[in-house]
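Engineer: Mind having a look at this structure? Questions to follow.
What follows draws every value from the coordinates through simple rules; no lab data is involved. Note that the structure is predicted; figures quoted are calculated from it, not measured. Virtual Cβ from ideal backbone geometry, glycine too; neighbours counted across all protein chains shown.
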Amino acid sequence: MEQVYIRTTGGGTATTVVRSGREWQIAEEPFRWFERVPWWESSKRMPRGQGRVDVEVLQVQVRLGTNARSSLATWELVRDGSGGGWYLRGDERAAA
């Protein structure tokens, strides 16, 4: 997965996704959910010291730069399981 950076307002609202040095403006309010980490697929026990078993996912609709007429793309962003950075998951899709 490709690492991305999310810029937010002072209140924590996501406004921009920086991917490969390019800024993508978030056009609509992100949709957020949590998913269970399938640790049992690779291990018999939960990894020691890992208190989190869920990861945060954001689905965002973004457009390149500030051009309001540019096409929208839909991305799923997954937060690092340790609460760190964000990663782009899967392929981007054009918004319907």
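Engineer: Using a simple spin-label model with points 7 Å from Cα along the Cα→Cβ vector, what separation in nm is obtained for Tyr87 and Thr8?
Structural biologist: Reported label-point gap for Tyr87 and Thr8 is 2.0 nm.
Engineer: Moving to a separate point now. What list do you get for Asp80, Asp91 if you sort them by fewest beta carbons within 10 Å?
Structural biologist: By the 10 Å Cβ count, ascending: Asp91, Asp80.
Engineer: In what order do Tyr5, Tyr87 fall by count of nearby beta-carbon atoms within 10 Å, going from fewest to most?
Structural biologist: Lowest to highest Cβ neighbour count: Tyr5, Tyr87.
Engineer: With labels modelled as points extended 7 Å from the Cα through the Cβ direction, what inter-label distance (nm, one decimal) is found for Ala27 paired with Thr15?
Structural biologist: Reported label-point gap for Ala27 and Thr15 is 1.9 nm.
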